[in-house]
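First comes the structure, then the notes that go with it.
The values are calculated or read from the model by the stated rules, or taken from the named source; none is laboratory data. Since this is a predicted model, take the numbers as computed values, not measurements. Cβ placement follows ideal geometry from the backbone for every residue including glycine, while neighbour counts extend to all protein chains displayed. For accessibility, only protein heavy atoms count, side chains too; no ligands or nucleic acids. Shrake-Rupley method; radii C 1.70, N 1.55, O 1.52, S 1.80 Å.
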Amino acid sequence: REEVVTIPVVVHVVHHTPEQNIGQEQIDSQFKVLNEDFRRANPDVDKVPEVWKDLVADARLEFKLADTDPNGKPTSGVVRVETSVESFEPDHGVKYGDRGGSDAWPADRYLNLWVCELKGALGYSTFPGGPAEIDGVVILHSAFGTTGTAAAPYDGGRTATHEIGHWFNLRHIWGDDGDGCSGTDFVDDTPNQGGNNRGTPDFPKVSCDNGPNGDMFMNYMDYVDDAAMFMFTKGQSERMDAALAGPRSSFLS
Ligand code: ARG
Ligand code: ZN
Ligand code: CA
């Protein structure tokens, strides 16, 4: 595939306090980041270590607020719901109107993105192939976008980049085996890596005999700070393409 695929997104802003009812500017700031990160157009891409520059992918994916609702009517692509829930658990509750959340739009036509107060995580996502009513991505409002309530060190919009990576079937780069060396992300061009990385590591950071270059901790699918992550690899982009050709093929027009 050479063409860029544009994914229509519905943003469900589920708020208990006025602060959580984030503004349009904050939403727009998130889309700017997504449309840079998935196009290798992020301004920090030049920080990728020399040894990995050739691996950096333009994933040819773009995101826009939906302009048509499920009934074919014009929409802003933003649904605002006031809730009595002070903070959601990462248990899909925010995806149901009768649990104080907002019901999903049809998951074969929209990427559902819920923004709310969330306990215990910056965000979470479903993988392709699951139930439509919970399909999508949930992001803590203070880890969403780059302005408004977005708070350091997660004010770079990268939580959504990471979670949408999962939505396109990407796994964590360390292979989800704790600190072990036998897990895999099912991608060939990412180094085998022990556990996740946090904060802003210094290059190189070696684990699992992956020297001299070590962990690709600056990958969006690690756990470092927003300012420390700035790449998908070509192998990851191929895996996202496979999701788009398979379980997410309804988004290919
Ligand atoms: N699912 C991860 C968590 O909530 C998201 C990590 C995103 N990392 C980031 N730098 N924004 O823990
Ligand atoms: Zn993750
Ligand atoms: Ca591992």
ask   = Is it the case that some residue within the range 131-143 is within 16 Å of ligand 3 (Cβ to nearest atom) and open to solvent by less than 10 Å² (accessible area, probe 1.4 Å)?
value = no
Odd one out for Cys208 among (1) open to solvent by less than 50 Å² (accessible area, probe 1.4 Å); (2) at negative phi; (3) within 13 Å of ligand 3 (Cβ to nearest atom); (4) not small (Gly, Ala, Ser) = (2)
ask   = Any idea how many residues of the range 107-164 are part of a loop (DSSP other than H, G, I, E, B) and not hydroxyl-bearing (Ser, Thr, Tyr)?
value = 25
ask   = Does Val51 satisfy being in contact with a helix residue (DSSP H, G or I) (Cβ under 7 Å, 6 or more places away or on another chain), open to solvent by 10 Å² or more (accessible area, probe 1.4 Å) and outside any loop (DSSP other than H, G, I, E, B)?
value = no
Selection count where residues are in a strand (DSSP E or B), open to solvent by 40 Å² or more (accessible area, probe 1.4 Å) and not basic (Lys, Arg), scope the range 56-102 = 4
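Take the conditions hydrophobic (A, V, I, L, M, F, W, C) and either closer than 20 Å to Ile27 by Cα or touching a residue at least 60 places away in the same chain (Cβ under 8 Å) (or both) and apply them to Ala150. Does it pass?
Working: hydrophobic (A, V, I, L, M, F, W, C): yes; either closer than 20 Å to Ile27 by Cα or touching a residue at least 60 places away in the same chain (Cβ under 8 Å) (or both): yes.
For Ala150, the condition - hydrophobic (A, V, I, L, M, F, W, C) and either closer than 20 Å to Ile27 by Cα or touching a residue at least 60 places away in the same chain (Cβ under 8 Å) (or both) - is met.
Matching residues to (1) part of a loop (DSSP other than H, G, I, E, B); (2) within 30 Å of Lys64 (Cβ to Cβ); (3) open to solvent by less than 10 Å² (accessible area, probe 1.4 Å):
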{"site": "Leu170", "(1), (2), (3)": "yes, yes, yes"}
{"site": "Thr200", "(1), (2), (3)": "yes, no, no"}
{"site": "Arg239", "(1), (2), (3)": "no, yes, no"}
{"site": "Pro247", "(1), (2), (3)": "yes, yes, no"}
remark   = Counted residues in the range 21-48 being open to solvent by 10 Å² or more (accessible area, probe 1.4 Å), part of a loop (DSSP other than H, G, I, E, B) and either of a type outside the set (Asp, Glu) or under 17 Å from Glu117 (Cα atoms) (or both) come to 6
key: Set Val137, Val115: member being free of Cβ contacts under 8 Å to residues at least 40 places away in the same chain and of a type in the set (Val, Ile, Thr)   = Val137
ask   = Any residue at all in the range 54-68 that is of a type outside the set (Ser, Thr, Tyr) and under 19 Å from Lys95 (Cα atoms)?
value = yes
